[in-house]
Each structure stands twice: as C-alpha cells, then as structure tokens.
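The values are calculated or read from the model by the stated rules, or taken from the named source; none is laboratory data. As the structure is a computational prediction, the values presented were derived from the model and not from experiment. Using ideal geometry, Cβ is built from the backbone for each residue, glycine included, and neighbour counts are taken over all protein chains shown.
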Amino acid sequence: MNTAATTAPILIEKEQIPSLIFPKEPIERSKDQLSILRKKLRDSMVLGNIHHQKIKIVFQDSEGLKEVRTTIWAADERFIVLKKGVSIPVDRVVELTL
C-alpha cells in the first residue's frame, strides 16, 4: 500500500498547481472505481459550469497528497481543467467530493 494514501492531504490553492510535478504512472484503481470517478467528474463539470459550485479534489503529485477546493470547468479522459487553464491529470486524482 502506498503510504501517501494513508496521510492527510495538504490543502493548496489552485494557483500552486502549475508548479507541481505529476508522475506519468496512474494511481491504481479498479474499473468500478474509475467508472465512479468519471461520473463524479461529469457531475462536477455541471455543478461548476451552471452553479459555480466548488468541488474538493484530492490528488497525488510527486511529493504526496494535495487537496484543492475549486470549480471544475471541463474534464476529459486525461485532464481536469480549472480556471485560467490550470489542469490536473485525471490519472492522479484520488477523490472528488461534490
């Protein structure tokens, strides 16, 4: 088990994300977990675009778990896009909380 997954994430501002380093390898998850994540991403985009609701995104960069609370403007198979073109690789997302 990855020890980073058992520690609390560090809360950061979305403006810090471009300076982070994201490993290429994805976080391990089952097909069911990936399906749930994709559904949450779609729901998060709707909430962000229509209601401007902030979402808690927990993700893992090269140093460990990070958390950001922000609006998701777009998402595809590879990236979550936030304001000002800031992006997070979907493969590195641990949790989305609506």
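Residues of the stretch 56-78 that are surrounded by fewer than 16 Cβ atoms within 10 Å (Cβ to Cβ), assigned to a strand (DSSP E or B) and either within 9 Å of the chain's Cα centre (by Cα) or among the basic types (Lys, Arg) (or both): 56, 69. Scanning the stretch 51-98 for residues that are touching a Leu at 6+ places or on another chain (Cβ under 9 Å), under 18 Å from residue 19 (Cβ atoms) and of a type in the set (Phe, Trp, Tyr) turns up just one, 59. Looking across the stretch 9-29 at every residue that is part of a helix (DSSP H, G or I) and in contact with a Ser or Thr (Cβ under 8 Å, 6 or more places away or on another chain), the one that is farthest from residue 70 (Cα to Cα) is identified as 17. Within the stretch 15-38, residues that are surrounded by 10 or more Cβ atoms within 10 Å (Cβ to Cβ) have Cβ atoms under 9 Å from residues that are of a type in the set (Val, Ile, Thr) and part of a loop (DSSP other than H, G, I, E, B) in these pairs: 15/86; 17/86; 18/86; 20/12, counting only partners at least 6 apart in sequence or on another chain. State whether one or more residues within the stretch 31-52 are at pLDDT 95 or above and assigned to a loop (DSSP other than H, G, I, E, B). Scanning the stretch 31-52, I find no residue that is at pLDDT 95 or above and assigned to a loop (DSSP other than H, G, I, E, B), so the answer is no.
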